[in-house]
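Working notes for the structure below.
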């Protein structure tokens, strides 16, 4: 015996949430997306239909009635053949000829964001919202890609081409959105919203870029600036340098408390990876903490946006004027920029600076990874800029000892 009931995917949602048909067959539940959504306040739980107060309720309820009848009829047809259908067989059987596909590919984004909002960092959620906006524009541009089944190799090629030419993104940004799309497709697959695995073959190659970091001389030029008459810049400088001396993310530095400081260590529970890291404090990071010992928190921060704005002002005062050449690609088109270094300083440069200077000065990669929380050297390698000086020193150290 099979029972059919309509439920909302998220009854606590504050915006529209998908309407799902639950089919219970021999204690096994199959979920079938209707492709329709509604705000929970307009949903009658008892009647399993839209309330009369919902604008468009007659049309929506008529659709739900038809969807239910077609599902029940499909089940009876399979039962007559002594077969229990799965959700994909039911979905295929109840599709009406000539019915235009809706935006099925985007319909579950709200559910995904609501399900992951408490487990993902704001910047990660921002990437998914960016992907959603790109998909909206892409589907307006290309009308063949509305369903999960349409996500194939041709979709990949057209979407990549769209991101490069219409959205003006470079190859690394395009790869980022391809990775995000794959994550979303996997989430939907795991919840039996589709059965298409073509997305697993999508490639999201990452291209090497010029790493912006501070040399030791540049770091201490900033660290030693007299900013006593500029309290805001002084606060920003201390937070940035603390990142350079500890190798931690701005999101973790912004949440540090005095209770986290235990002697010569910082006991950190990272926001991004949700792990505990014991961060050793060197003489420079301890000097910053000592300087702030009478303040409510060890490190005073502003928003990331404001920090990045003021860091550029600080870098100007430190005369970080070397020209940095950066080369990227959009497809096969080379994109080259040249900017003074002070325009490229951000909070994330601190973490890159710590990794690069630590390795340059002989710290073992395993130790760096233990301090920064990187899981493998491949990930760590993206942060490293091996300077010409270090390459020259290594060449001399190794080859000057070799004798024929």
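Readers should treat all values here as calculations from the given coordinates under stated rules, not as data from a laboratory. This one's a predicted model, so the numbers in the text were calculated from it and none came from an experiment. Note that each Cβ is placed from the backbone with ideal geometry, even for glycine, and that neighbours are counted across all protein chains shown.
Listing 15, 228, 150 from the residue with the fewest other Cβ atoms within 10 Å to the one with the most, what is the order?
228, 15, 150
So for the pair residue 376, residue 364, with labels modelled 7 Å out along Cα→Cβ, what separation do we get in nm?
About 2.1 nm, to one decimal.
Any chance you could give the angle, 0 to 90 degrees and rounded to 10, that helix 171-190 forms with the longest Cα principal axis of the chain?
40 degrees
Post the alpha-carbon centroid distance, the stretch 156-208 to the stretch 1-52, in whole angstrom.
Cα centroid of the stretch 156-208 versus Cα centroid of the stretch 1-52: 30 Å apart.
What does the convex hull of the alpha-carbon atoms of the stretch 2-99 project to on average, in nm²?
Across all orientations, the stretch 2-99 yields a mean hull projection of 6.7 nm².
Kindly identify the stretch 216-398 as rounded, prolate or oblate by the Cα gyration tensor criterion: order the square roots of the eigenvalues as a ≥ b ≥ c, call it rounded if a/c is under 1.5, otherwise compare a/b with b/c, prolate if a/b is larger, else oblate.
Since a/c reaches 1.5 but b/c is at least a/b, the shape of the stretch 216-398 is classed as oblate.
Specify whether the C-alpha gyration tensor of the chain places it in the rounded, prolate or oblate class, a ≥ b ≥ c being the square roots of the eigenvalues: rounded for a/c under 1.5, otherwise prolate if a/b is larger than b/c and oblate if not.
Note, shape of the chain comes out prolate.
So if the hydrodynamic radius of the stretch 107-201 is defined as the Kirkwood radius over C-alpha pairs, what does Stokes-Einstein give as its diffusion coefficient at 10 °C and 1.306 mPa s, in µm² per second?
Roughly 116 µm²/s, to the nearest whole number.
I want to verify the translational diffusion coefficient of the stretch 151-307 in µm²/s; compute it with Stokes-Einstein, Rh as the Kirkwood radius over Cα pairs, at 37 °C and 0.692 mPa s.
Translational D for this selection: 171 µm²/s.
Among 348, 169, what is the fewest-to-most ranking by other Cβ atoms within 10 Å?
348, 169
Give me the angle, in degrees from 0 to 90, between the Cα long axis of helix 304-317 and the longest principal axis of the Cα atoms of the chain, rounded to the nearest 10.
Approximately 20 degrees, to the nearest 10.
Hey, in the GNM for the chain with a 10 angstrom Cα cutoff, which one of 242, 159, 202 fluctuates hardest?
Between 242, 159, 202, it is 202 that shows the largest mean-square fluctuation.
In whole percent, what relative contact order does the stretch 216-398 give with Cα contacts below 8 Å and a gap of six or more residues?
RCO, the stretch 216-398: 23 percent.
How many nm separate the modelled label positions at residue 395 and residue 303, each set 7 Å beyond the Cα in the direction of the Cβ?
Computed distance between label sites residue 395 and residue 303 equals 4.8 nm.
Below 8 Å between Cα atoms, with a sequence gap of 6+, how large is the relative contact order for the chain in percent?
Result for the chain is 12 percent.
What's the angle, to the nearest 10 degrees (0 to 90), between helix 122-141's Cα axis and the longest principal axis of the chain?
50 degrees
Could you work out [θ]222 nm for the chain from helices alone, using -39500 (n - 2.57) per DSSP H run of at least four and dividing by all its residues? Round to the nearest 500 deg cm²/dmol.
Calculated mean residue ellipticity at 222 nm is -14500 deg cm²/dmol.
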